[in-house]
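Input: a single structure, listed below in structure tokens.
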Amino acid sequence: VQSLASPAYLHYLATSGTLYQQTFLDFLRYLRYWKEPQYAKYLLYPHCLYFLDLLVPPESDPEVEKEDGGCAEESRDGCGGEKGKKHGNEQSTTTTTTDSGEAFRREMAQ
């Protein structure tokens, strides 16, 4: 995980196409356990966790969407409770979050 602290390595991942492979993105999701304090205390380059979040944002995790029926945050996208209900027969609108990891990957590929 600490290798993500290296801009040269991130550039290599982006230009070689590795960063766009689903298996590598799954591996990056797996590495999120390093964010827990019991593991993070051993990191020499803790800013690698920041880059990990940029590459694979927590809200892009498919398991989170399955568990709560596609409603990551009720207050933001209006999927549940009274906050998401509108008066009358109007449909509630959902806010689309952008994948900041995709923007970061595009920038690193340049």
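The values are calculated or read from the model by the stated rules, or taken from the named source; none is laboratory data. All of these numbers come straight from a predicted model, not from anything done at the bench. As a convention, Cβ positions derive from the backbone with ideal geometry for all residues, glycine included, and neighbour counts pool all protein chains shown. The area values use the complete protein model at the heavy-atom level, side chains included, leaving out ligands, DNA and RNA. Shrake-Rupley method; radii C 1.70, N 1.55, O 1.52, S 1.80 Å.
For the reader, a short list of remarks on this structure follows.
- Taking first residues from region 1-27 that are open to solvent by less than 70 Å² (accessible area, probe 1.4 Å) and partners that are polar (S, T, N, Q), the Cβ contacts under 8 Å between residues at least 6 apart in sequence or on separate chains come to 24/18.
- In region 55-64, the count of residues that are open to solvent by less than 70 Å² (accessible area, probe 1.4 Å) and at pLDDT 90 or above is one or more.
- When 44, 49 are checked against the criterion of being more than 10 Å from the chain's Cα centre (by Cα), open to solvent by less than 70 Å² (accessible area, probe 1.4 Å) and within 19 Å of residue 8 (Cβ to Cβ), 49 stands alone in meeting it.
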